[in-house]
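Heads up: the structure comes next, in structure tokens.
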């Protein structure tokens, strides 16, 4: 098996759906493992290195979203949620729980594969990844893009969700240049975004809380109305 083959974990209680999806992904060159529920997902993650999780949340959305939350608390492995139907609230909640994308189960297999590959490239530092510089220093904070560690001005480690890490790394990689919302969605979330896509705004809000930035009038991450977001303090690369 080529060393670059990515290991994908499918979590879905529907056997037929698992088999069909696995068939598409195997043809695309992925290595597959399947689980029927959260307990199976946990065992699979303990037994082997998983590069990306496809988590079905169709049967019981609340339980599926809770599994996503548990996954993100334990690991930063990329995660795409799949559901038979999606409304804006479910999608926003899923992204808040730490999912990297939220797609309908009826998504075109080629589109799913393209989104997976984009996400894997960015998660593993491939072509197009924003994190070519290992260390960024900004406003007293430090981000290590290889160890994926954020440290506060006192040197304490501050946990970041996977999506928060990618958004922050993308903004820092652009220095003090404005990054549009749509470009942030494309670079950080590995998908195209429309004008109504609020996932980046949700992520920016969480980052401001992490950076203790909101109370100071968003000194570190500034909103440029009608354009996007920008780091508002000097950015040093190391």
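The values are calculated or read from the model by the stated rules, or taken from the named source; none is laboratory data. Quick caveat: nothing in here was measured; it's all calculated off a predicted structure. Please note: Cβ atoms are built from the backbone with ideal geometry, for glycine as well, and neighbour counts cover all protein chains shown.
Summary table below
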{"item": "Residue match in the stretch 146-159 (condition: under 14 Å from residue 231 (Cα atoms) and either modelled with pLDDT of 90 or more or buried (at least 20 other Cβ atoms within 10 Å of the Cβ) (or both))", "result": "no"}
{"item": "3 or more residues within 19 Å of residue 162 (Cα to Cα) and touching a helix residue (DSSP H, G or I) at 6+ places or on another chain (Cβ under 9 Å): qualifying helices (runs of 4 or more DSSP H) within the stretch 1-99", "result": "38-47, 61-74, 88-96"}
{"item": "Some residue of the stretch 47-68 being assigned by TED's automatic domain parsing to the domain that holds residue 105, closer than 21 Å to residue 120 by Cα and over 20 Å from the mean Cα position of the chain (by Cα)", "result": "yes"}
{"item": "Check on residue 168, assigned by TED's automatic domain parsing to the domain that holds residue 207, modelled with pLDDT of 90 or more, under 14 Å from the mean Cα position of the chain (by Cα) and closer than 14 Å to residue 202 by Cα", "result": "yes"}
{"item": "Matching option when the condition is closer than 19 Å to residue 72 by Cβ, outside the structural domain of residue 81 (by TED's automatic domain parsing) and either assigned to a loop (DSSP other than H, G, I, E, B) or modelled with pLDDT of 80 or more (or both), among 212, 177, 206", "result": "206"}
{"item": "Pairs where the first residue, in the stretch 97-118, is not assigned by TED's automatic domain parsing to the domain that holds residue 166 and the second is buried (at least 19 other Cβ atoms within 10 Å of the Cβ) and part of a loop (DSSP other than H, G, I, E, B), C-beta under 6 Å, 6+ apart", "result": "98/161; 100/78; 101/191; 115/190; 115/191; 118/190"}
